[in-house]
Amino acid sequence: MLTGTGITAGYRNPVITDVSLTVHPGQTIGLAGPSGSGKSTLARVLALLHKPFAGSVTIDGETVTRFRFGATQRTRIGVLFQQPRLSVDPRFTLRRVIAEPLKGNQERVTELADLVMLTDDLLDRRPHEVSDGQLQRACLARALALRPRYLICDEMTTMLDASSTAALVGVIRAYQAETDAGVLAISHDDRLLTRWADETVRLSAPLRR
Amino acid sequence: MTDLTWRPVPRSRLTAAGPPRSPRWRLLPSATVLAIVALTVLVVPLVVDLNQQYVDLAIANQPPSAAHLFGTDELGRDVLLRCVYALRVSLTVGIVAAVISAVVGTAVGALAGSIGGWFDRILMRLVDAVASVPHLLLGIVIVAILRPSLTAVIISIALTHWLTSARIVRSEVLSLRARPFIDAAIVGGASRTRVLTRHLLPNVAPQVLLATTLMVPHAVWHETALSFLGLGLPPHAASVGNMINDAQRSLLIGGWWMSLAPGLLLIITTLAVSGVSGVWRDRLNPKRRTELTW
């Protein structure tokens, strides 16, 4: 179970205050809310990338004490970022993007590439030579590389068309069915969340300061 | 209502908007000059059995001729032969000093940028403190402490020129570490060292390489300045700075060739290094990598 309890987090000022959220294994939780409401900040806290001002994050009963580099529970969580083009090293080919967390296990790279339907030709291209949809598929393969227990999808479909969105959601659902992973799906798209998520949590508009 | 008329695009504009020239054509002149200079300074002293220190007062102050292409100096030494030895010394100083300053600057900038916090603040104040002293003055002090020699000149240039690399690397690392692909690497279990070596340093490498190549001519000029002030190499040793320094006296008696030859060689070498570094910078841009076919 991935749990955030009483999370207050932000950058200089708090963006979210006293927010609690739980993702059970096998469950898909949708997270919606207007721009600036703190969806991505909450996602970063739950992905152990951002230390909250207050509150705690628990993963399968273990309370997280260190964030970013020091997190010992790091590989139990996979993240899919909003902008695929910014979330890959521009020097890497898609093959290296997928292989990065695997530290060179080529067999697993091929397996993941098949899973997200990336051909050999695409795997040898660099990010600027493929479409956003193809790049996001490589990012999904990378996120699933270490078989995370929980997957956080931070507006992963924003840059994609309907068919790419459907393909990615299909892959995530299949992974969930196979591994009983929990998914936190963040999106502005209410129709997508209605069809995809078991339950949707809404963050309210940001406080005026 | 505006009257819109279709007109064909003039052929000259079509040509101008065509594909850019192959980088090979941009590289060729600079690379050729650099290759000739490198071959000359490396091979000539090994092959040609001539003493660049050979003094013959009978042929002193001779203008360029078939026997002495760049003329002779006030002691009758062949200016062309001394130029070869001078460039050898100056390029050694330039390359070694540039590499040392790039290594020191990259290490300081990468550590400051990737660790951040108080460590970054302390290192950057150190950089500001060193930068607040004019670097030529600081270089003179270092050479004065170490006594003028080739090693002293290299150390003095390297220790006063790492600041630029450090600032470039730090600002690039600060910008890069806030990008989602660094977060993605962390999520994938990468350690701080792995992020630094696999993502941050390779991504700042083009800027560092460019700064280093541009540093080579700068270091040569610096060696020239130190030698010109009498703080570089010993007066009898040929370096571009020493030659120009010696030649200034001869200018008063009309010996223009003595300063023209080393000065011209310095400018040509500087332009060639700049040309090659410009093409290199483009080559290292990953977005252009597959568009280049050489």
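Computed from backbone phi with θ = phi - 60° and the Karplus coefficients 6.51, -1.76 and 1.60, the 3J(HN,Hα) list for the range B:66-78 is 5, 6, 10, 4, 9, x, 10, 8, 5, 9, x, 7, 6 Hz; x is used for glycine and proline. Distances between every pair of Cα atoms in chain A, grouped in 5 Å steps from 0 to the bin holding the largest one, split as 1, 7, 16, 20, 20, 16, 12, 6, 2, 0, 0 percent.
Each residue was assigned an accessible area with a 1.4 Å probe, and for A:Y11 the value is about 120 Å². If I fit a long axis through the Cα atoms of helix A:106-115 and take the longest principal axis of the Cα atoms of chain A, what angle between them do I get, 0 to 90°, rounded to 10? Roughly 80 degrees, rounded to the nearest 10. The shape of the range A:111-157 comes out oblate: with a ≥ b ≥ c from the C-alpha gyration tensor, a/c is at least 1.5 while a/b does not beat b/c. Considering only alpha-carbon pairs that sit under 8 angstrom and 6 or more positions apart, the relative contact order computed for chain B is 24 percent.
Summing +1 for each Lys or Arg and -1 for each Asp or Glu among the other residues whose beta-carbon sits under 11 angstrom from that of B:R82 gives -1.
Rounded to the nearest 5, the antiparallel percentage of DSSP beta bridges internal to the protein assembly as shown is 45%. Answer rounded, prolate or oblate for chain B, using the Cα gyration tensor with square roots of eigenvalues a ≥ b ≥ c: rounded when a/c is under 1.5, else prolate when a/b is larger than b/c, else oblate. Taking the square roots of the gyration eigenvalues as a ≥ b ≥ c, chain B is oblate. As a length-normalised measure over Cα pairs under 8 Å and 6 or more apart, the relative contact order of the range A:1-84 settles at 32 percent.
Taking amide hydrogens as placed 1.01 Å from N in the peptide plane, the amide H of A:R202 sits under 5 Å from those of A:A32, each at least 5 positions away in sequence or on another chain. Take each uninterrupted DSSP H stretch in chain B, measure its Cα extent along the helix axis, and return the ones at 15 Å or beyond whose mean Kyte-Doolittle hydropathy is at least 0.5. Both cut-offs are met by B:23-47, B:79-115, B:117-131, B:135-146, B:150-160, B:201-228, B:257-283.
Short-range pairs are left out: with C-alpha atoms under 8 Å and at least six residues apart, the relative contact order of chain A is 31 percent. Pull up all non-local amide H partners of A:Q73: gap of 5 or more, or a different chain, and H-to-H distance under 5 Å with H placed in the peptide plane. Amide H neighbours of A:Q73: none.
Let me check I've understood the local charge: for B:Q62, count other residues with C-beta under 15 angstrom from its C-beta, Lys and Arg +1, Asp and Glu -1. What total comes out? Here the count lands on -2.
The values are calculated or read from the model by the stated rules, or taken from the named source; none is laboratory data. No experiment lies behind these values; they were computed from the predicted model shown. When we count neighbours, we look across all protein chains shown, and the Cβ atoms used for this are built from the backbone with ideal geometry, even at glycine. Heavy atoms of the whole protein, side chains included, go into the accessibility calculation; ligands, DNA and RNA do not. Shrake-Rupley method; radii C 1.70, N 1.55, O 1.52, S 1.80 Å.
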